[in-house]
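Student: Let me give you the structure first, and then I'll get to my questions.
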């Protein structure tokens with residue numbers, strides 16, 4: 001990372017180096033003597049949680065700005081969905097069938113990255129959760145197009161490394177789910193949801209809620225695999241029960257191919273944030 005610091009005073013790295021070379025005495029070996037910003041034990045204390053939250057937000061923000069990344073295309077989808085060449089190893093026959101969406105994600109990411117590169121390579125950068133399955137397909141397609149892509153990984157109880165197609169200098173790791181979710185949506189120009197499980201649904205419904213409530217601008221919100229999503233979520237029943245409005249069903253579109261998704265995104269005309277929630281009376285807002 002380039003240091004553009006303009007100061008005649010010593011910087012933090014110089015003092016870390018100097019402090020590490022002092023003679024070992026009971027005083028210098030004490031945890032109290034460690035520089036606060038270089039003290040892992042101190043930084044991991046419960047009282048420092050607000051600082052850690054800020055660091056996770058700021059690190060990614062600064063590194064994306066250094067790469068001049070202005071907007072992203074976000075891909076959410078199942079980590080368990082295999083590539084077509086691996087579908088014979090799928091846990092269930094249905095999961096093997098869903099391998100077609102690995103190829104659609106890969107193709108979609110490749111096409112969008114090619115278009116991004118033609119426009120300078122700073123807009124519509126593919127962004128995934130950095131893992132296997134659909135996430136791998138997205139990063140893979142971007143790499144095949146010769147572009148960069150982002151992987152926002154998170155530490156899980158089981159060991160999991162980022163997929164091999166994430167651009168290394170854009171491969172981030174998070175402790176806090178909330179900050180990771182912010183980085184998924186802060187720059188999103190389109191959100192693409194492929195078949196998946198709990199994690200995919202969590203990300204899908206959270207993003208939909210932000211758009212529904214006017215907390216986020218309306219962007220192309222594309223659900224790949226109409227038959228899958230209509231089977232696992234009874235969207236019409238939600239509207240008929242009154243828990244959402246008919247207007248809310250227009251916040252997303254079903255697509256079955258990369259070509260459909262690209263066409264919708266290219267034809268998209270910017271829409272403002274919602275200023276009210278259709279079907280919800282003023283008295284319900286309290």
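Student: Along Cα→Cβ, 7 Å out, is where each label goes; now give me the distance between the ones at residue 33 and residue 51 in nm to one decimal.
Tutor: Between residue 33 and residue 51, the label points sit 2.0 nm apart.
Student: Separate question: Between segment 47-94 and segment 167-213, what is the C-alpha centre distance in whole Å?
Tutor: With segment 47-94 and segment 167-213 each reduced to a Cα centre, they are spaced 7 Å.
Student: Run lengths n ≥ 4 of DSSP H only: what is the helix-derived mean residue ellipticity at 222 nm for the chain, with -39500 (n - 2.57) per run over all residues, to the nearest 500?
Tutor: So the helix-based figure for the chain works out to -12000 deg cm²/dmol.
Student: Would you mind checking the tilt of helix 258-267 against the longest principal axis of the Cα atoms of the chain, expressed as 0 to 90 degrees and rounded to 10?
Tutor: With rounding to tens, the tilt is 80 degrees.
Student: From Cα coordinates alone, what are the radius of gyration and Dmax values for segment 1-147 in angstrom?
Tutor: Cα-based Rg and Dmax for segment 1-147 come out at 22.8, 66 Å.
Student: For the residues 269, 59, 181, what sequence is obtained by ranking on other C-beta atoms within 10 Å, fewest first?
Tutor: On the way: 269 4, 59 14, 181 18.
Listed from fewest to most nearby Cβ atoms, that is 269, 59, 181.
Student: For residue 24 and residue 169 in the same chain, what is the full-extension length gain: residue separation times 0.36 nm, less their Cα-Cα distance, in nm?
Tutor: 48.5 nm
Student: Order by neighbour count: 127, 44, fewest other Cβ atoms within 10 Å first, most last.
Tutor: So the ranking, lowest neighbour count to highest, is 44, 127.
Student: On a 0 to 90 degree scale, rounded to 10, what angle separates helix 49-66 from the longest Cα axis of the chain?
Tutor: 70
Student: Starting from the eigenvalues of the Cα gyration tensor, five times each then square-rooted, give me the equivalent ellipsoid semi-axes of the chain, largest first, whole Å.
Tutor: 39, 24, 20
Student: A further question on this structure: With 10 angstrom as the radius, rank 62, 135 by how many other C-beta atoms surround their C-beta, starting from the fewest. Please list the in-between numbers first.
Tutor: Values: 62 10, 135 30.
Fewest-to-most ranking of 62, 135: 62, 135.
Student: Residue 158 to residue 62: extension gain in nm, 0.36 nm per residue of separation minus the Cα-Cα distance? Mind dumping the intermediate values first?
Tutor: Values: separation 96, 0.36 × 96 = 34.56 nm, distance 2.89 nm.
Net length gain for the segment: 31.7 nm.
Student: Can you give me the distance in nm between label points at residue 240 and residue 267, each placed 7 Å from the Cα along the Cα-to-Cβ direction?
Tutor: Once both label points are built, they end up 2.9 nm from each other.
Student: Which value in nm describes the separation of the simple spin-label points at residue 71 and residue 218, placed 7 Å from the Cα toward the beta carbon?
Tutor: 1.6
Student: If you don't mind, another one. For residue 16 and residue 253 in the same chain, what is the full-extension length gain: residue separation times 0.36 nm, less their Cα-Cα distance, in nm?
Tutor: Extending this stretch completely gives an extra 80.0 nm.
Student: May I pose another question? Report relative contact order for segment 69-268 in percent, whole number only (criteria: Cα-Cα under 8 Å, sequence separation at least 6).
Tutor: It comes to 22 percent, rounded to a whole number.
FYI, it's all coordinate maths here, none of it is from the lab. Treat the numbers as computed from the prediction; the structure is a model and nothing was measured. Glycine gets a Cβ as well: all are built from the backbone with ideal geometry, and neighbour counts include every protein chain shown.
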